[in-house]
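Chemist: Next up is a structure, given as structure tokens.
Only the coordinates and a few stated rules stand behind these numbers; no lab work does. Given the structure is predicted, the values throughout are model-derived calculations rather than measurements. Here the Cβ is made from the backbone with ideal geometry for all residues, glycine too, and neighbour counts use every protein chain on show.
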Amino acid sequence: MTRRSARRFFYIGTALSVLVFVALTIDSHRQFPTLTNEADLTPSVVAGKNVWHAKNCINCHTILGEGAYYAPDLTKIAQLRGDAYLREFLKDPSRFYSEERDGRLMPNPNLSDQEITDLIAFLTWVSRIDTQGWPPRPILVRGSAIPGANIGGAAPAAASDDPVALGQALFNAQTTGCAACHSIAPGVNLVGPTLAGIGARAEERIRAGDYGGKATDAAGYIRESIVDPNAYVLTGVTYSSGGRSLMPAHYNTLLTPEQIDQLVAYLMTLK
Amino acid sequence: MRYASQRVAYPYFAVALLLFGLQMVFGLLMAAKYLGPDPLIDVLPFDRAKAIHTNLLIVWLLVGFMGGAYWVVPEESRTELWSPRLAYFNLALFTAAGVVAVVGYLFGWTAGNKLLEQPLPIKLVIVVVMVLFALNLIMTIWRARRLTTTEGVLVAGLLLAAVLYLPALIEFDNYTVAAVYRWWTVHLWVEGVWEMIQAGLLAFLLIRLSGVDREVMEKWLYVIVGLTFISGVLGTAHHYYWLGVPGYWLPIGSFFSALEPLVFLGMAMYAYYAIRRSGLAHPNRLALHWTIGSTVFSALGAGVLGLAHTWAGVNKWTHGTHITSMHGHMAFFGAYVMIVLAMVTYALPGLTGSRDEDRENGVGLWAFWLQSGGMFGMTMAFAAAGMTQTYLERILGIGYLDTQAKLQVHFIMLVITGSIFVLGVALFLWDFFFLAGRPVTAASQARPPGAAAVRA
């Protein structure tokens, strides 16, 4: 290779690379509005982004997998935890975690109610970005998929059209996030109570004196708990606050009636 | 030292090394925080320590690059520097901005954007510093009417670094778009123009240390820089994969970033060729160690370990785990830390008016081997932590906090190997500040030849 051809390799190679790169960047801008749901980019989301930056969140957490590795990834946290839980958590993280038990604790970010609302709006917007299927399996904060919780193994499309199998797939799917908070192993209480034996326990619960809901049988109780978590509230720091459940209340709209039937069918099998 | 104004390199190197030392304090603190519980959680939480650790790295490397350029450019263009006074002013301004930023981070004054945490006023000062720095170099070269390929690559790298800092000044409402442009600065720095700077300094050092033919070296320099941009520009996409970008970036990023090791292979072959041709006869053995070390560690850290998780199908599982820390630490150390230390070691006898042969080597060699060994150990600790984390957290679905508890043994290894590394850094600083002698001053340079070290 002569010096001249080496120089030509450098100039032509660089110019072509830059050209392709810029062209694809322009095309990406054409697609960003769809991929990131720019229509939902409300002032509250933008304000939440500013809170995210001002509090230096990214130097402990990752979001979209970018940041520091000292605290869990928050890309899908709004889907996994829901509005009510995050609001309580952000007010005082030390109610939910302790250095002794968990090894790490988030310092209180001292956010106003408005800042919390905005931050959750931002995280909710982030959780809906089309990330090309990342993360391939839900990234949990605490607890474990083993034993029994069986997270991530099943994709939303179940192997058969049996309602129980479809319900199990839904339970483990990232979109519902059920398995991120509820274990199906006996005695393993994550952020939400374990659902091991719920099929049998539901029966006892509606017969108990303090039950004020409308369900008349076990399946009805489970259905009611999914679509209206406030009908019967369990006490526990991570379960409820001020008599209101911290579970997301959006399953009525997130899932079709048919899907709720499938979930109930699956949960009824846990006895 | 052939030109009196090369002297300005000394305070640049001194500031760079002091900030390097400070960076180590925060690095060790962070490693300890991984072991938890953290007694400093209310005083200096992890996020502030991390912002300081990474920002000090960027600042001291840039100061080191600038010092290196002030040494190389007069020698290559065969002239005095256009304005030494401007160079000193620039250093003072940059150092002040850096110190204000670090103190600001301690008190929570931050833009909170990974690696670009500098608040806007600081960012603007950095732009001013870079413009003035560029002006000084361009005027020097312009006045001499002489530009070699080696210094051309070095100076072009520094100028492009200034230009590529500009996207960091723009704010976007859409987080995805902001993240994409953040990589224009961060990726195109460390895997683009900074590699130009490394290649330029490497070519200069190899030519000086081995006496190998300049024509041949500069020809291959074009090939190396060409490969850098062909792999690096489209390779930017390996940071885009999961940000909310169109799917075509996945195969493009995978393919082109997989070519990046060729650049480092090229540099290693470059060094090997130079040694084959001319041996290791140069009396500045320390500078030889750091120069060769830089090519080996960057080939391993930036080349091989980068390749390990750059493919989209692999990155899907490893993204955002300690696999990234593994790659990042060794890559930065090999490509940039070692090349700056090579430049410092090479220039130090001239700057202090001693002869290469008379430089005490023992402490310097210990500094080299402790840093190399310590960094190798740290990389292995991060690798073990990263692989375990990927398997337990991402594949089995064990919670983040439970997985971290299982990584404790690797974090203990990190603290131990990190301490070895820091010991090496301390020895390097001790050698520079206490053993190498006082810097040559204008007065000592004015003495008749023979008294001061005027080396050809």
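Chemist: Could you calculate the FRET efficiency of B:Ser444 with B:Tyr88 from 1/(1 + (r/R0)^6), where r is the beta carbon distance between them and R0 is 25 Å, rounded to 0.05?
Modeler: Numbers: r = 18 Å, r/R0 = 0.71.
So the FRET efficiency works out to roughly 0.90.
Chemist: For the range B:82-226, just the Cα set please: Rg and Dmax, both in angstrom.
Modeler: Here Rg and the maximum Cα pair distance are 17.6, 54 Å.
Chemist: Also, I was wondering about something else. Remind me, relative contact order of chain A in percent, using alpha carbon pairs under 8 angstrom and six or more residues apart?
Modeler: Relative contact order here is 17 percent.
Chemist: Once phi is turned into ³J(HN,Hα) by the Karplus curve 6.51 cos²θ - 1.76 cosθ + 1.60 with θ = phi - 60°, what whole-Hz value does each residue of the range B:30-47 show in order, with x for glycine and proline?
Modeler: For the range B:30-47, the Karplus curve yields 5, 4, 5, 4, 5, 6, x, x, 9, x, 9, 4, 8, 8, 9, x, 3, 4 Hz.
Chemist: Give me the log10 of I(q) over I(0) for the range B:236-375 at q = 0.19 Å⁻¹, as the Debye formula computes it from C-alpha points; what are the numbers?
Modeler: Each listed q corresponds, in turn, to -1.05.
Chemist: In whole Å, what is the distance between the alpha-carbon centres of the range A:215-238 and the range B:152-207?
Modeler: Between the Cα centres of the range A:215-238 and the range B:152-207 lies a distance of 56 Å.
Chemist: If you don't mind, there's one more thing I want to ask. Between A:Ala173, A:Ala231, A:Ala121, which gets the highest mean-square fluctuation from a Gaussian network model of chain A, Cα cutoff 10 Å?
Modeler: Result for chain A, Cα springs under 10 Å: A:Ala231 fluctuates most.
Chemist: Would you report the distance distribution of C-alpha pairs in the protein assembly as shown as whole percents per 10 angstrom bin, up to the bin with the largest distance?
Modeler: 3, 14, 23, 23, 16, 10, 6, 3, 1, 0, 0
Chemist: For chain B, what does -39500 (n - 2.57) per DSSP helix run (n ≥ 4), summed and divided by total residues, give at 222 nm, in deg cm²/dmol to the nearest 500? Kindly include the intermediate steps, with their values, before the conclusion.
Modeler: Values: 19 runs with 318 residues, N = 456.
Here the helix-only value at 222 nm equals -23500 deg cm²/dmol.
Chemist: So what are the ³J(HN,Hα) numbers for the range B:277-285, from phi and the Karplus equation (6.51, -1.76, 1.60; θ = phi - 60°), rounded to whole Hz, Gly and Pro as x?
Modeler: Here the 3J(HN,Hα) series is 6, 10, x, 10, 7, 4, x, 7, 5 Hz.
Chemist: Using a 10 Å cut-off around each Cβ of peptide A:26-38, what is the average number of partner chain Cβ atoms that fall inside?
Modeler: If you average over the peptide's residues, the count of other-chain Cβ atoms is 4.
Chemist: Please list the equivalent ellipsoid semi-axes of the range B:323-456, computed as the square roots of five times the alpha-carbon gyration tensor eigenvalues, in descending order and whole angstrom.
Modeler: Semi-axis lengths for the range B:323-456 are 45, 13, 10 Å.
Chemist: If one puts a single equal scatterer on every Cα of the range A:1-152 and applies the Debye formula without solvent, what log₁₀ I(q)/I(0) results at q = 0.13, 0.15 Å⁻¹?
Modeler: -0.72, -0.88
Chemist: If you scale each eigenvalue of the Cα gyration tensor by 5 and take the root, what three semi-axes come out for the range B:307-402, rounded to whole angstrom and sorted largest first?
Modeler: Calculated on Cα positions only, the semi-axes equal 40, 13, 8 Å.
Chemist: At 0.36 nm per residue, minus the direct Cα-Cα distance, what do A:Ala23 and A:Lys91 gain on full extension? Give it in nm, one decimal, please. Could you put the intermediate results ahead of the total?
Modeler: On the way: separation 68, 0.36 × 68 = 24.48 nm, distance 4.52 nm.
In short, 20.0 nm is gained.
Chemist: Calculate how steeply helix B:84-106 sits against the longest principal axis of the alpha-carbon atoms of chain B, using the helix alpha-carbon long axis, and give the answer as 0 to 90 degrees to the nearest 10.
Modeler: 20 degrees
Chemist: Cα gyration tensor of chain A, axes a ≥ b ≥ c as square roots of the eigenvalues: rounded (a/c below 1.5), prolate (a/b > b/c) or oblate?
Modeler: Prolate, because a/c is 1.5 or more and a/b exceeds b/c.
Chemist: Further question on the same structure: Can you list residues from other chains, or at least 5 along the same chain, whose modelled amide H is less than 5 Å from the amide H of A:Ser241?
Modeler: A:Leu246
Chemist: Of all the C-alpha pairs in chain B, what % are more than 34 Å from each other?
Modeler: 31 percent
Chemist: Next question, about the same structure. If you fit an axis through the alpha-carbon atoms of helix B:322-332 and take the longest principal axis of the Cα set of chain B, what angle between them do you get, 0 to 90°, nearest 10?
Modeler: Compared with the principal axis, the helix lies near 10 degrees.
Chemist: For the range A:188-210 and the range B:69-134, what is the separation of their Cα centres, given in Å?
Modeler: If you average the Cα positions of each part, the centres end up 62 Å apart.
Chemist: Relative contact order (percent) for the range A:177-270, with alpha-carbon contacts under 8 angstrom and 6 or more residues of separation?
Modeler: Here the relative contact order equals 26 percent.
Chemist: Nearest 10 degrees is fine. How inclined is helix A:257-268 to the longest principal axis of chain A, computing both from alpha carbons?
Modeler: With both axes taken from Cα atoms, the answer is about 60 degrees.
Chemist: Another one. Give the lysines reachable from A:Lys271 as a straight Cα distance under 26 Å; neighbours fewer than 8 places away on the same chain don't count.
Modeler: Straight-line reach from A:Lys271, under 26 Å: A:Lys214.
Chemist: Something else: For an R0 of 25 angstrom, estimate the FRET efficiency from the Cβ-Cβ distance between A:Arg128 and A:Ser98 and round to the nearest 0.05. Show your work: numbers first, answer last.
Modeler: Working: r = 32 Å, r/R0 = 1.27.
Once rounded, the FRET efficiency stands at 0.20.
Chemist: Taking 30 Å as R0, compute the FRET efficiency from the Cβ-Cβ separation of B:Glu80 and B:Glu215 and round it to 0.05.
Modeler: The value I calculate is 0.65.
Chemist: Here's something else I'd like to know. Could you tell me, in Å, what Rg and Dmax come out for the Cα atoms of the range B:26-165?
Modeler: Radius of gyration, then largest Cα-Cα span, for the range B:26-165: 18.0, 61 Å.
Chemist: Could I ask something else about it? Determine the alpha carbon to alpha carbon distance for each of B:Lys33/B:Lys114; A:Lys91/B:Lys123; B:Lys33/B:Lys316; A:Lys76/B:Lys123; A:Lys91/B:Lys33 and list only those over 29 Å.
Modeler: Cα-Cα > 29 Å for A:Lys91/B:Lys123; A:Lys76/B:Lys123; rest within.
Chemist: Over chain B, what is the mean sequence separation of C-alpha contacts under 8 Å (at least six apart), divided by residue count, expressed as relative contact order in percent?
Modeler: Computed over chain B, the figure is 16 percent.
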